[in-house]
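The values are calculated or read from the model by the stated rules, or taken from the named source; none is laboratory data. Predicted model only: the values in this text are computed from it and were never measured. No Cβ is skipped: glycine too gets one built from the backbone with ideal geometry, and neighbour counts run over all protein chains shown.
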Amino acid sequence: MDLSKESTEKLGKDQAKFQNVLIAFVVVGLILAGVLIMLKAKFIHFVPLLVLPATFLPLVAKLKAIKTELKSRAKV
């Protein structure tokens, strides 16, 4: 998706949405880690928790691209 074709307002909304989703992922991961530690779970139960950061990568990349596009528009 070409970000240069999107409106500044839509990019601002997308940036806020992606930041909120990223915060939600982190909160869910922390809660999951806390629950697993409290239950003294076996290592195999931590595998979904270990995979969770891999789901952040596309989200962080998209958020970075949006921020870069918004900064380039602010300079113009």
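Mind checking whether some residue in segment 53-61 is at pLDDT 90 or above, under 30 Å from ASP2 (Cβ atoms) and small (Gly, Ala, Ser)? Yes: segment 53-61 contains one or more residues that are at pLDDT 90 or above, under 30 Å from ASP2 (Cβ atoms) and small (Gly, Ala, Ser).
LYS71: charged (D, E, K, R), part of a helix (DSSP H, G or I), surrounded by 12 or more Cβ atoms within 10 Å (Cβ to Cβ) and within 20 Å of the chain's Cα centre (by Cα), yes or no? Working first, answer last.
On the way: charged (D, E, K, R): yes; part of a helix (DSSP H, G or I): yes; surrounded by 12 or more Cβ atoms within 10 Å (Cβ to Cβ): no; within 20 Å of the chain's Cα centre (by Cα): yes.
Criteria not met by LYS71.
Would you confirm whether any residue within segment 3-12 is surrounded by 13 or more Cβ atoms within 10 Å (Cβ to Cβ), out of contact with any Pro (no Cβ under 6 Å at 6 or more places or on another chain) and either outside any helix (DSSP H, G or I) or of a type in the set (Ser, Thr, Tyr) (or both)? Scanning segment 3-12 turns up at least one residue that is surrounded by 13 or more Cβ atoms within 10 Å (Cβ to Cβ), out of contact with any Pro (no Cβ under 6 Å at 6 or more places or on another chain) and either outside any helix (DSSP H, G or I) or of a type in the set (Ser, Thr, Tyr) (or both).
Of all residue pairs spaced 6 or more apart or on separate chains, none has beta-carbon atoms under 7 Å together with a first member in segment 46-63 that is in a helix (DSSP H, G or I) and a second member that is surrounded by fewer than 10 Cβ atoms within 10 Å (Cβ to Cβ) and modelled with pLDDT under 80.
Of all residues in segment 20-36, none that is more than 12 Å from PRO53 (Cα to Cα) has its Cβ atom under 8 Å from the Cβ atom of a residue that is surrounded by 13 or more Cβ atoms within 10 Å (Cβ to Cβ) and among the β-branched types (Val, Ile, Thr), 6 or more apart or on another chain.
Within segment 13-43, count every residue that is over 15 Å from the mean Cα position of the chain (by Cα) and either among the charged types (D, E, K, R) or not in a helix (DSSP H, G or I) (or both). Number of matching residues: 4.
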